[in-house]
1. Taking the 0 to 90 degree range and rounding to the nearest ten, how far is the long axis of helix 211-229 tilted relative to the main principal axis of the chain, both from C-alpha atoms?
2. Let's test the formula: R0 of 45 Å, r as the Cβ-Cβ distance of ARG37 and ALA216. What FRET efficiency results, to the nearest 0.05?
3. Output the 0 to 90 degree angle, nearest 10, between the alpha-carbon long axis of helix 117-135 and the longest principal axis computed from the alpha carbons of the chain.
4. When the accessible area of the chain is split by element with a 1.4 Å probe, what percent falls to carbon and sulfur?
5. Taking +1 at the Cβ of each Lys and Arg and -1 at the Cβ of each Asp and Glu, which of GLN212, SER148, ALA133 sits farthest along the dipole of the range 94-233 towards its positive end, judged by Cα position relative to the Cα centre?
6. Round to a whole angstrom and tell me the spacing of the C-alpha centers of the range 194-233 and the range 115-177.
7. Mind checking the per residue accessible area of the chain for me, 1.4 Å probe, whole number of Å²?
8. Calculate how steeply helix 90-114 sits against the longest principal axis of the alpha-carbon atoms of the chain, using the helix alpha-carbon long axis, and give the answer as 0 to 90 degrees to the nearest 10.
Amino acid sequence: MAQDRPRRGRQTELPLAADTPRPRDEAYARFKAQLLRGEIRPGQMVSLRELVERLGTPLAAVREALSRLEGERLVRVYAQRGIQVAPIDMAFMREAFQLRRLLECEGVRALVDLGEPDALEGLAQRFNALRRAATEGLSAVVRAEAASADRALHEAIIGALNSATISDLYTQISEKLQLVRSAAAFPPGGMVLAATEEHLAIIAALQRRDHQGASAALAAHLDAAMRRQMGMR
């Protein structure tokens, strides 16, 4: 019987280890990181070759990452011209805050129904401590805590919906708003005290299990946050 001979041609790719990111995921993550750090700016035009060099990933991986980023409306790909990072305009911001309002108002309803007094009391204590610290000055530590506490409250609201799809969508919206903050010429942390009071109003209504009051406080907070994001008072 003739021995089997090794076949020539394309080799089968070995599967990646479970904890090894795929090149396309690595390219996607690196692009997002550079975007949020301000190394790639909103509205900027870049070539495919430049992106390959910036991200340090293969061309095929960059192409696949761009398809995903375009689906999230973070980039626009123009044939023969290059890739444009999504510019920031009023429509961009209004859409992001409108989506937040829709999702978080449903989350408030769910959180009221769940009734988690311990978690809400912990958030109330955190924001009260933040208010005391902020009255003494807006240090880098205070600003960092304000951002962290803000995320904790809003993620608790979204988490009450118990939906991975909604959580993923909310993350995309949050990243878009973080992109706005990274490009802002004004310091959004300058209104920490005002935002803290708004957060405390939301928490107080949630503790009373007052759905309408919590929804109204949330809507007022998001409207004020959008104005602050636009540099308005």
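The values are calculated or read from the model by the stated rules, or taken from the named source; none is laboratory data. Quick caveat: nothing in here was measured; it's all calculated off a predicted structure. Note that we place each Cβ from the backbone using ideal geometry, even for glycine, and neighbour counts take in every protein chain shown. Remember, those area values only see protein heavy atoms, side chains included, never the ligands or the DNA or RNA. Shrake-Rupley method; radii C 1.70, N 1.55, O 1.52, S 1.80 Å.
1. For 211-229 against the chain, the angle is about 70 degrees.
2. With a Förster radius of 45 Å, E is 0.80.
3. Here the helix axis deviates by roughly 80 degrees.
4. Answer for the chain: carbon and sulfur cover 51 percent of the accessible area.
5. Of the options given, the answer is ALA133.
6. Rounded to whole Å, the Cα centres lie 12 Å apart.
7. So the chain comes to 60 Å² accessible per residue, rounded to a whole number.
8. It works out to around 70 degrees.
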